[in-house]
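Values quoted throughout were computed directly from the atomic coordinates according to the rules given, and no laboratory measurement underlies them. This structure is a prediction, so every number in the text was calculated from the model and none was measured. Glycine also receives a Cβ, built like all others from the backbone with ideal geometry; neighbour counts cover every protein chain displayed.
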Amino acid sequence: MVSENKLTLDILPLSADTARLVRVYGTEPCIALPGTLPAPEGGSFAVTELGDYCFSEKPRSLPAADKTCRYEAAPDGTARLIRAFGQTVGGTCRRYDFDFDAPAAGSDADDLHPVCGNFLEELTLPDSLQVVGSCAFYNCRKLRLLADELAAKGLTVEVHEAGIWSEQGELGFSDSGGRQSTFIGAEKKTVPVTTIDAVAAGRQVTMIKMDVEGAEVQAIAGGRQTIGECKPKLFVAAYHYDVDLFRLPLLLWELVPEYKIYLRKHPYVPAWELNFICIGR
C-alpha cells in the first residue's frame with residue numbers, strides 16, 4: 001500500500017506543458033507520482049518521462065538546478081512549486097518575476113532522502129507517463145510493485161526475482177561486475193533462474209528485450225516455444241561475444257524463419273552498444 005508521505009520532486013521541463021522526472025525524495029518506500037505539476041509561468045506540466053537512472057542509487061548526469069523545478073507533492077496528489085530554475089519561490093510566482101541576478105538557491109539535495117535503489121518498494125505511475133528512461137530502476141532490487149493507473153485496463157507489471165536461462169533451477173552468480181554481473185563462470189553465490197517460456201506461461205508475447213551479459217543464447221533457448229509461436233519483436237544485445245554476430249541470427253532464424261533481423265549501433269555510457277532488432281510481422 002502506498003504510504004501517505006510528502007514527496008519532493010525534481011523535474012526538467014521539456015516543453016511548455018511536459019516534463020521529465022529526474023529525482024524523487026521522501027521518507028517512505030511506497031510512493032505514488034502525480035501526473036501534473038503547476039508550471040512556473042502558469043498552466044501545468046504533464047509528467048511524461050522518467051529520466052535515465054531516475055531511481056538509481058547513483059544517478060548520472062543530473063541536470064543543474066538552474067534547469068529544473070522542484071516541488072513538494074502531498075499525498076492527495078496536489079503539488080507546490082518551491083524552487084524554479086535555481087531560484088527559491090513561494091506563492092504564485094511566474095518565471096519573469098524571478099530575480100535571476102540574485103544568488104542561486106543552495107542545493108539541499110544532501111539533506112533530502114532519495115527514494116531510490118533498495119529503498120524503493122512500490123511505485124504508482126501516473127497515466128500521463130509515456131517514456132521510461134534508460135536504467136530508470138537500476139539496482140532497485142526490492143521493488144515489488146509498479147502499479148499503473150491503467151491497471152483496470154489490464155496493463156500490469158510483474159517482477160520475477162530470478163535470472164533468465166535455458167532451464168529452470170539455480171546457478172552460480174557473480175554480482176561483483178555491477179551491470180556486468182553474470183552467470184558465466186560464476187560461483188560467488190547461488191540464485192534461482194527461470195526461462196522465457198516459464199514466465200510467459202502461454203500468454204501472447206509481443207516484444208522481448210534482452211541484454212543479459214553473454215547469456216543471450218541460453219535465454220533464447222529457454223524461450224523457443226514462446227518465440228516460435230508468438231513471433232515477438234526482439235531487441236537483443238549482440239556485443240558480448242564476437243561469435244554472437246553470427247550465431248544469434250542463425251538461432252533466431254531457426255525459430256522464426258521469416259524474421260527480418262537488423263544490426264544497429266546505439267550510443268551508450270561509456271561508449272556504445274550493438275543490438276539485433278528482429279521483426280517477424
Taking W272, W253 and counting other C-beta atoms within 10 Å, the order from fewest to most: W272, W253
Residue order, fewest to most surrounding Cβ atoms within 10 angstrom, among T18, T78: T78, T18
Considering only the stretch 196-279, percent of DSSP beta bridges that pair antiparallel, nearest 5: 75
Spatially proximal lysines relative to K67 (Cα-Cα < 29 Å; intrachain offsets below 8 disregarded): K6, K58
Those GluC sites (Glu not before Pro) in the stretch 239-281 that DSSP places in a loop and that have at most 14 other beta carbons within 10 Å: E258
Neighbour net charge for R20 - beta-carbon separation under 11 angstrom, K R +1, D E -1: -1
Cut-off under 5 Å, modelled amide H: who pairs with G163 long-range: V193, T194
Anisotropy class of the stretch 188-237 from Cα gyration tensor, a/c 1.5 cut: oblate
Relative contact order [Cα under 8 Å, 6+ residues apart], the stretch 196-279, whole percent: 30
Unsatisfied cross-links (Cα-Cα over 23 Å) in the set K142/K189; K209/K265; K189/K231: K189/K231
Efficiency of FRET between S61 and L14 - r from beta-carbon atoms, R0 25 angstrom, step 0.05: 0.95
Proxy reagent accessibility, fewest Cβ within 10 Å first, across S44, S61: S61, S44
